[in-house]
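Have a look at the structure below, then the notes.
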Amino acid sequence: MTAVTESSALTSVQNIVADALALDLDEVTPESTLFVDLGTESIDLLDFLFRIEQELGVKIQAAQLSEIIQGGIPDEEFGTPEGMVSSVGLAQLKKTMPQIDEEALAGKLPAEDVMNHFTVGNLAAIVAAHGADRS
Amino acid sequence: MAQTAPEPRIGVDLVAVARIERIVHDGGGLLGAVFSPEELAGGTGAEYLAGRFAGKEAVAKVLGTGFSRGVGPLEIEVLRGRLGSPRVRLTGAAAASAEAQGLGPIDLSISHTGGIAVCVAVAAAPAVASEE
């Protein structure tokens, strides 16, 4: 079984998302946010991950996503008592969502809104990372 | 030290029946990854399953986890209770989460209209001690 490259993962994820949401492929760009731009609902995310497993052999459970995105940082360190993403949390998010503007979001990003920034490209990168060690 | 009354924990979700219809029509294995055999034995029509999925999501909101924080959809089952009313069965991480939070039994109400299924889930959360 061949490893999944970043390029192939992106192409596959774009096609899967477009097909699952019945969108034209050109509406699904790497920068498109799944939940805001593309209107993804929970059932859609489960569908994407199911299709990714079927087509690419890469298994990512929806239940794991927060842990992957938070990098295993406990909730009490990831967020502040006021419910905002902490500086530690933002630094971690920059790794899984490199497109975010840490400075602009400092102290202003509610933890519950993190997934609003999750893009097609971010999902593809996670798929590639999970598929990279297969050979 | 005074005890406040248990506060209700509420979750609500809406699901478009057409979205579930597409999944049913696709005939792939996603249904089996989301619904248990016992849930599917209760019905496989799109409107029925849309209500059931809305139920899973509403319960996941009561737990405070959604489906991205350690709890998967198969761990929240919405089964047929007596007289056909929905009843919740939690297993695995969902059951552990509810127990850790001291939640009471979770009750559901499902409705459908205009191509949308909606579910409200309610549970009692434990009383919080407060100083007077």
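Of all residues in segment A:104-135, those that are on the phi < 0 side of the Ramachandran plot and either assigned to a loop (DSSP other than H, G, I, E, B) or of a type in the set (Lys, Arg) (or both) total 8. Considering only residues that are more than 7 Å from chain A (Cβ to nearest Cβ) and over 24 Å from B:GLY64 (Cα atoms), look in segment B:9-19 and name the one that is surrounded by the fewest Cβ atoms within 10 Å (Cβ to Cβ). So, considering only residues that are more than 7 Å from chain A (Cβ to nearest Cβ) and over 24 Å from B:GLY64 (Cα atoms), the one surrounded by the fewest Cβ atoms within 10 Å (Cβ to Cβ) is B:ALA18.
Annotation note: of B:ALA121, B:ALA96, the sole residue that is over 18 Å from A:ASP44 (Cα atoms) and open to solvent by less than 40 Å² (accessible area, probe 1.4 Å) is B:ALA121. Checking each residue in segment A:46-68 for being more than 21 Å from A:ALA3 (Cα to Cα) and at pLDDT 95 or above picks out A:LEU46, A:ASP47.
Among the residues of segment B:60-87, those that are under 30 Å from A:ASP113 (Cα atoms), touching a strand residue (DSSP E or B) at 6+ places or on another chain (Cβ under 7 Å) and either part of a loop (DSSP other than H, G, I, E, B) or within 12 Å of another protein chain (Cβ to nearest Cβ) (or both) comprise B:ALA60, B:LYS61, B:GLU75, B:ILE76.
Summed over segment B:34-58, the residues that are within 12 Å of chain A (Cβ to nearest Cβ), part of a helix (DSSP H, G or I) and of a type outside the set (Gly, Ala, Ser) give a count of 6. If you go through segment B:1-20 and keep only what is of a type outside the set (A, V, I, L, M) and more than 17 Å from B:ILE110 (Cβ to Cβ), you end up with B:GLN3, B:THR4, B:PRO6, B:GLU7, B:PRO8, B:ARG9.
Here A:ALA9 meets the list (1) under 30 Å from B:LEU14 (Cβ atoms); (2) touching a helix residue (DSSP H, G or I) at 6+ places or on another chain (Cβ under 6 Å); (3) open to solvent by less than 10 Å² (accessible area, probe 1.4 Å); (4) of a type in the set (A, V, I, L, M, F, W, C) almost entirely, failing just condition (1). If you go through segment B:7-42 and keep only what is of a type in the set (D, E, K, R) and in contact with a Lys or Arg (Cβ under 8 Å, 6 or more places away or on another chain), you end up with B:ASP13, B:GLU39.
Could you say whether any residue in segment B:22-33 is more than 8 Å from every other protein chain (Cβ to nearest Cβ), surrounded by 13 or more Cβ atoms within 10 Å (Cβ to Cβ), within 22 Å of B:GLY115 (Cα to Cα) and basic (Lys, Arg)? The answer is no, given that none of the residues of segment B:22-33 is more than 8 Å from every other protein chain (Cβ to nearest Cβ), surrounded by 13 or more Cβ atoms within 10 Å (Cβ to Cβ), within 22 Å of B:GLY115 (Cα to Cα) and basic (Lys, Arg).
Acidic (Asp, Glu) and open to solvent by 60 Å² or more (accessible area, probe 1.4 Å): is that true of B:GLU38 in this structure? In short, yes. The set of residues in segment A:16-37 that are within 23 Å of B:LEU49 (Cα to Cα), open to solvent by less than 40 Å² (accessible area, probe 1.4 Å) and in contact (Cβ under 8 Å) with a residue 40 or more places away in the chain contains only A:VAL17. Where helices (runs of 4 or more DSSP H) sit wholly within segment A:1-101, those with at least 3 residues that are more than 14 Å from every other protein chain (Cβ to nearest Cβ) and within 15 Å of the chain's Cα centre (by Cα) occupy A:6-21, A:87-96.
The values are calculated or read from the model by the stated rules, or taken from the named source; none is laboratory data. Because the structure is a prediction, the values reported are computed rather than measured. Counting neighbours? That spans all protein chains shown, and the Cβs are built from the backbone with ideal geometry, glycine included. Just so you know, the surface numbers come from the protein's heavy atoms only, side chains and all, with ligands and any DNA or RNA stripped out. Shrake-Rupley method; radii C 1.70, N 1.55, O 1.52, S 1.80 Å.
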